[in-house]
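Below: one structure, written as structure tokens.
Values quoted throughout were computed directly from the atomic coordinates according to the rules given, and no laboratory measurement underlies them. Just so it is clear, the model here is predicted, and its values are computed rather than measured. Positions of Cβ are generated from backbone atoms using ideal geometry, with glycine treated the same way; all protein chains shown enter the neighbour counts.
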Amino acid sequence: MAQWDEKSVAAELLACEAERRDREPFTDEWPELDVDTGYRIQDANLQVRLARGEKLVGVKLGLTSEAKQKRMGVYAPFVAWLTDAMLLEAGKPVPQDKLIHPRIEPEIIFIMKDRLEGPGVTRESAMAAVDKVSGGFEIIDSRYKNFRFRAGDVVADNASSGAWVNGSEWKDIADVDVAAEKVEVYSDGELQHTGVGTDVQGHPGEALALAANDLARRGLAIEAGWIVLTGGTTDAVFAPRGSKTEVKFSTLGSLSIDGGE
């Protein structure tokens, strides 16, 4: 049995990502890998990403919807990092050569107007710090086989980060009722999931507040100009080669992506 620690888990996760290799969760062998340990590993790997030239551009939330929590068997949301290397240009196919088993989930995405620092951030104060909103999607991936993990595993793995795509237009936050925003997810023309903004922690602003307050525990904040992915509005769909996924929002537009050849 391997003897894991923070340094070796961090290195193994980056190696799995680089080699497109999945593995069993570390908690099978190291049950002490809890959420706080996972965040230290996540932060250590962010420093590696920055050292190799990536830029920190925001945060994402994972497991904010009941549908995702039930599927994963992990009943708490988490925060993770976004770098510029994770942004996929609209119209590009799923980067199959970089991912292991990509899935797509719709996201309500914010651009921040003001710095948001916890603790004590509420939905109201969080939303007051938002500038623009867009409908997009995240292409999640996991370094764990069959997306099987415990809370510490997934936090260490940067909350199953892969790539994300912004919508084609950004609207002023005052012009959109994000709680009422509806979304439909289609795979190869067939409707798979429907959701609404309230499926994200009751309101996407609650997810934003949660992120700010969680980061405050680590002495961090959400910075002005950052992108925030508030979490999947529905469960995710697989995006294999040859597939086509469409995400249709009620007011934030529609976008699609091919699975590649």
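Tabulated results
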quantity: Neighbour net charge for ASP258 - beta-carbon separation under 10 angstrom, K R +1, D E -1; calculated: +2
quantity: Formal net charge of residues neighbouring ALA15 (Cβ-Cβ distance under 13 Å; K, R +1; D, E -1); calculated: 0
quantity: Hz values of 3J(HN,Hα) by residue in the stretch 36-42 - Karplus curve (6.51, -1.76, 1.60), Gly and Pro given as x; calculated: 5, 5, x, 5, 5, 5, 4
quantity: Relative contact order, percent, the chain [alpha-carbon distance under 8 Å, six or more residues apart]; calculated: 28 percent
quantity: Under Karplus coefficients 6.51, -1.76 and 1.60, residue-wise ³J(HN,Hα) of the stretch 130-138 in Hz, glycine/proline x; calculated: 8, 9, 10, 9, 9, x, x, 8, 10
quantity: Under 17 Å from the GLN96 label point (7 Å along Cα→beta-carbon), backbone N, the stretch 238-261; calculated: 238-246, 257-261
quantity: Restraint check, LYS60/LYS145; LYS7/LYS132; LYS113/LYS244; LYS7/LYS244; LYS7/LYS248; LYS7/LYS171, Cα-Cα greater than 32 Å; calculated: LYS7/LYS132; LYS113/LYS244; LYS7/LYS244; LYS7/LYS248; LYS7/LYS171
quantity: Residue-wise HN-Hα coupling along the stretch 240-245, computed from phi with Karplus coefficients 6.51, -1.76, 1.60 (Hz; x: Gly, Pro); calculated: x, 4, x, 8, 9, 10
quantity: The chain, helix-only ellipticity at 222 nm - DSSP H runs n ≥ 4, -39,500 (n - 2.57), divided by all residues, nearest 500; calculated: -7000 deg cm²/dmol
quantity: Evaluated over the stretch 167-238, the Cα radius of gyration and Dmax, each in Å; calculated: 14.4, 45
quantity: Rounded to whole Å, sorted largest first: equivalent-ellipsoid semi-axes of the chain, Cα gyration tensor; calculated: 26, 22, 16
